[in-house]
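The values are calculated or read from the model by the stated rules, or taken from the named source; none is laboratory data. Please read all numbers here as calculations on a predicted model, not as lab measurements. Neighbour counts run over all protein chains shown; Cβ positions are idealised from the backbone, glycine included.
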């Protein structure tokens, strides 16, 4: 998922708690694979897609990767730091809103929150500042079915991995024609107006 997805759910979580029938903005589009606009898949959660990956900000300077597993009804946290109550609070909207998405869009009657699991054995950083790189690599490895290896995912390799990711993002932007302003103006306006 793109940055919008996690920001929208995080921003709208408190509002959603007051009216659980009203899903966060654009949720049905994400559910149907119509978002993000620059990478539409038209694949539906739970039918064509078993797991959605997202990056979640925990604090102003720490990020974690999550995997929302629809079959096992669990949100897995991949954290290169220490998982704290702040981490659980940041991930909680995904564990609580997801069952209501399936209720609203598929008629699923099970609205019990997904379990939250801090995945043990995730490679950890020892020097602060590289959590974004670790997080991106966790998602890349998970999507490709590659084990998260302490041999490769370690502080000593993060500089080279950061450069490689920057080159890949630059090439991707050029090949897809994505502008620097990936967040579409309509989404910004609609979220601000809420």
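Taking the stretch 1-47 as the range and being within 14 Å of the chain's Cα centre (by Cα) and either closer than 22 Å to residue 173 by Cβ or in a loop (DSSP other than H, G, I, E, B) (or both) as the test, the residues that pass are 1, 2, 3, 4, 5, 6, 7, 30, 35, 36.
Residue 45 fulfils the conditions (1) modelled with pLDDT of 95 or more; (2) within 28 Å of residue 153 (Cα to Cα); (3) in contact with a helix residue (DSSP H, G or I) (Cβ under 6 Å, 6 or more places away or on another chain) except for a single criterion, (2).
Examine the stretch 85-106 for a residue that is over 20 Å from residue 33 (Cβ atoms), at pLDDT below 95, more than 12 Å from the chain's Cα centre (by Cα) and part of a loop (DSSP other than H, G, I, E, B), and state whether such a residue exists. Within the stretch 85-106, not a single residue is over 20 Å from residue 33 (Cβ atoms), at pLDDT below 95, more than 12 Å from the chain's Cα centre (by Cα) and part of a loop (DSSP other than H, G, I, E, B).
Can you say whether residue 51 is surrounded by fewer than 17 Cβ atoms within 10 Å (Cβ to Cβ), touching a strand residue (DSSP E or B) at 6+ places or on another chain (Cβ under 8 Å) and either free of Cβ contacts under 8 Å to residues at least 40 places away in the same chain or within 21 Å of residue 144 (Cβ to Cβ) (or both), as far as the supplied structure shows? Yes: the conditions hold for residue 51. For the stretch 56-79, the set of residues classified as at pLDDT 95 or above and not in a strand (DSSP E or B) consists of 70, 71, 72, 73, 79, listed by residue number.
Selection of the stretch 153-189 for residues being out of contact with any helix residue (DSSP H, G or I) (no Cβ under 8 Å at 6 or more places or on another chain), modelled with pLDDT of 85 or more and outside any helix (DSSP H, G or I) yields only 154. Determine, yes or no, whether residue 192 is under 30 Å from residue 21 (Cβ atoms), in a helix (DSSP H, G or I), modelled with pLDDT under 95 and in contact with a helix residue (DSSP H, G or I) (Cβ under 9 Å, 6 or more places away or on another chain). In short, no. Would you check which residues across the stretch 84-110 are in contact with a strand residue (DSSP E or B) (Cβ under 9 Å, 6 or more places away or on another chain), surrounded by 18 or more Cβ atoms within 10 Å (Cβ to Cβ) and without any contact (Cβ under 8 Å) to a residue 40 or more places away in the chain and list them? 87, 91, 95, 98 - these are the residues of the stretch 84-110 that are in contact with a strand residue (DSSP E or B) (Cβ under 9 Å, 6 or more places away or on another chain), surrounded by 18 or more Cβ atoms within 10 Å (Cβ to Cβ) and without any contact (Cβ under 8 Å) to a residue 40 or more places away in the chain. Surrounded by 11 or more Cβ atoms within 10 Å (Cβ to Cβ), modelled with pLDDT of 90 or more, closer than 27 Å to residue 29 by Cα and in contact with a strand residue (DSSP E or B) (Cβ under 7 Å, 6 or more places away or on another chain): does that describe residue 139? So residue 139 passes the test. Here residue 116 fits the description: assigned to a strand (DSSP E or B), in contact with a helix residue (DSSP H, G or I) (Cβ under 6 Å, 6 or more places away or on another chain) and over 27 Å from residue 162 (Cα atoms).
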